[in-house]
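**Q** Sharing a structure here in structure tokens format.
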């Protein structure tokens, strides 16, 4: 993998920050747009002005955070280059973000992104209808893959998913000749 800066964001209210709207199950949801705007306009600006960072960006999200990563793809597709979605809560709002994907694909036929999805032994996460859409209509430039970890739980699959996601994203990466990169 190339050298990278990893930024972890602690949320005091995952529902508020990651979910696009409130629901009966998650009444504090609805701040995803504000959170995404913070990342794009404040956090990325700070990182770029403070560190020697490349313009390549990856977002990793688990559960509601995985849904947030899909939300980021649909709402600000220029912000991230790759997405690792671990057991994403695509069931949320009657799979509203799964239903938005065909229109997104139709309006972004030339997109160049990498998407990795993982699923644990959980039922009803909404990932299989999403994978069917990817199979049928993903733009050619959307490089995607998924792994179903049938023996992992929702809470145990994070590390394996991150490793597998980075392996997929950087499978063609090679260090530069005569470089100090190891």
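**Q** Taking other Cβ within 10 Å of each residue's Cβ, how do 43, 117 sort, fewest first?
**A** 43, 117
**Q** Which value in nm describes the separation of the simple spin-label points at residue 133 and residue 100, placed 7 Å from the Cα toward the beta carbon?
**A** Between residue 133 and residue 100, the simple spin-label model gives 0.9 nm.
**Q** Rounded to whole Å and sorted largest first, what semi-axes of the equivalent ellipsoid does the C-alpha gyration tensor of the chain yield via the square root of 5 times each eigenvalue?
**A** Largest first, the chain gives 25, 20, 17 Å.
**Q** Given R₀ = 22 Å, FRET efficiency for residue 172-residue 109 by Cβ-Cβ distance, to 0.05?
**A** Computed FRET efficiency for residue 172 and residue 109 comes out at 0.45.
**Q** Could you give the angle, 0 to 90 degrees to the nearest 10, between helix 127-137's Cα long axis and the longest principal axis of the Cα atoms of the chain?
**A** On a 0 to 90 degree scale, this one is about 60.
**Q** Please give the length that would be gained between residue 55 and residue 4 if that part of the chain were fully extended, namely 0.36 nm times their separation in residues minus their C-alpha to C-alpha distance (nm, one decimal).
**A** Extra length available between residue 55 and residue 4 comes to 17.3 nm.
**Q** Enumerate the residues in region 73-104 having an amide nitrogen under 20 Å from the point lying 7 Å beyond the Cα of residue 37 toward its Cβ.
**A** What the label zone holds, given the 20 Å backbone N cut-off, is 73-80.
**Q** Give me the angle, in degrees from 0 to 90, between the Cα long axis of helix 64-75 and the longest principal axis of the Cα atoms of the chain, rounded to the nearest 10.
**A** With rounding to tens, the tilt is 80 degrees.
**Q** State the extension gain, in nm to one decimal, for the chain segment bounded by residue 13 and residue 162, taking 0.36 nm per residue of separation less the distance between their alpha-carbons.
**A** Net length gain for the segment: 51.4 nm.
**Q** Among 1, 125, what is the fewest-to-most ranking by other Cβ atoms within 10 Å?
**A** With the sparsest Cβ surroundings first, the list reads 1, 125.
A short reminder: the numbers here are calculations on the coordinates, not readings from a lab. Just so you know, these numbers come straight off a predicted model, no measurement behind them. Backbone-built Cβ (ideal geometry, glycine too); neighbour counts: all protein chains shown.
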